[in-house]
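This report refers to the structure that appears directly beneath it.
The values are calculated or read from the model by the stated rules, or taken from the named source; none is laboratory data. Given the structure is predicted, the values throughout are model-derived calculations rather than measurements. Note that we place each Cβ from the backbone using ideal geometry, even for glycine, and neighbour counts take in every protein chain shown. Heavy atoms of the whole protein, side chains included, go into the accessibility calculation; ligands, DNA and RNA do not. Shrake-Rupley method; radii C 1.70, N 1.55, O 1.52, S 1.80 Å.
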Amino acid sequence: MEINDQARKELLAQIEDLSDEVINRKPAENRWSIKQIVQHLYLMEGSIAKTIQTNLSNGDQNITTKKPIQLTVDRSKKVDAPDFLTPTPDFSTLHDLKSKLSATHSTLHDIAKNATEDQLAVKSYPHPVFGEMSLTQWIPFVGYHELRHIEQIKEVKEQLGI
């Protein structure tokens, strides 16, 4: 969870002093607002946590090879979010977003703390880019994914003149 905690600390530092109006402003019609990026992050983390919990509770085992998840931070390759991870245009407050981030992060922390390496290593589910990934790798993937979107937040802030 170290990469996840580092990424979360950096994410919160990037958004900490922004107003609710700023985080909801889109830099362009076809771009996500900072609010939408953050919403995508907690939707992703929550979905991964739920999927890991589900996979840990079923009896199926599927051992797979280690994937280069650190490549997630490479933003030169665009990856479209699946519909269930696509943020809404609805207005949100920074307080609400931070609360939801805290909840999903806490859930993933609990899973990482309570599951053994052996339990995580023998189960997997598919990633849209990397293919079948072990539950062991899904946990740090969240941190790499967040680092990717922190760079996107920095770009949006620059485009908004912040």
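For residue 60, the solvent-accessible surface computed with a 1.4 Å probe is close to 110 Å², ligands and nucleic acids excluded. Over the Cα atoms of region 73-127, the radius of gyration divided by the Kirkwood radius equals 1.06; this is the Rg/Rh ratio.
Along the charge dipole of region 96-162, Cβ charges K/R +1 and D/E -1, which of 101, 144, 121 sits furthest on the positive end? Projecting each Cα onto the dipole axis, the largest value belongs to 101. In region 1-73, inverting the average of 1/r over every pair of distinct C-alpha atoms gives 15.2 Å as the Kirkwood radius.
Pairs of Lys residues in the chain that lie 8 or more places apart, or on two chains, and have C-alpha atoms under 16 angstrom apart add up to 15. In this rough spin-label picture, where each label sits 7 Å from Cα along the Cβ direction, the residue 95-residue 29 distance is 3.5 nm. Residues whose amide H lies under 5 Å from that of residue 127, counting only those 5 or more places away or on a different chain, are 132, 133; hydrogens are built 1.01 Å from N in the peptide plane. For the chain, modelled as a Gaussian network with Cα springs under 10 Å, which listed residue fluctuates most, 55, 30, 114? Highest fluctuation among the options: 30.
If a spin label sat at a point 7 angstrom from the Cα of residue 10 along the line to its beta carbon, the backbone N atoms of region 120-151 nearer than 12 Å would be those of 143-151. Take residue 151: with every protein chain present and a 1.4 Å probe, its accessible area is about 80 Å². The gain in end-to-end length when the residue 2 to residue 154 segment is fully stretched comes to 52.5 nm, 0.36 nm per residue minus the alpha carbon separation. Each residue, residue 84 and residue 116, gets one label point 7 Å from its Cα in the Cβ direction; the gap between the two is 2.9 nm. With Rg and Dmax of the Cα atoms in Å defined as stated, name the option among [x] 16.0, 52; [y] 15.7, 44; [z] 14.4, 43 computed from the structure displayed. Read-out taken from this structure: [x].
Dipole magnitude for region 1-76: about 280 debye, using +1 per Lys or Arg Cβ and -1 per Asp or Glu Cβ, origin at the Cα centre. Heavy-atom surface analysis with a 1.4 Å probe gives region 9-50 a carbon and sulfur content of 48 percent of its accessible area.
Taking the Cα centre of the chain as origin and assigning +1 to Lys and Arg Cβ atoms and -1 to Asp and Glu Cβ atoms, the resulting dipole is close to 220 debye. Among complete DSSP H helices in the chain, none has alpha-carbon atoms stretching at least 18 Å along the helix's long axis together with a mean Kyte-Doolittle hydropathy reaching 1.6. Structural descriptor for region 10-162: relative contact order 38 percent, calculated from alpha carbon pairs under 8 angstrom and at least 6 residues apart.
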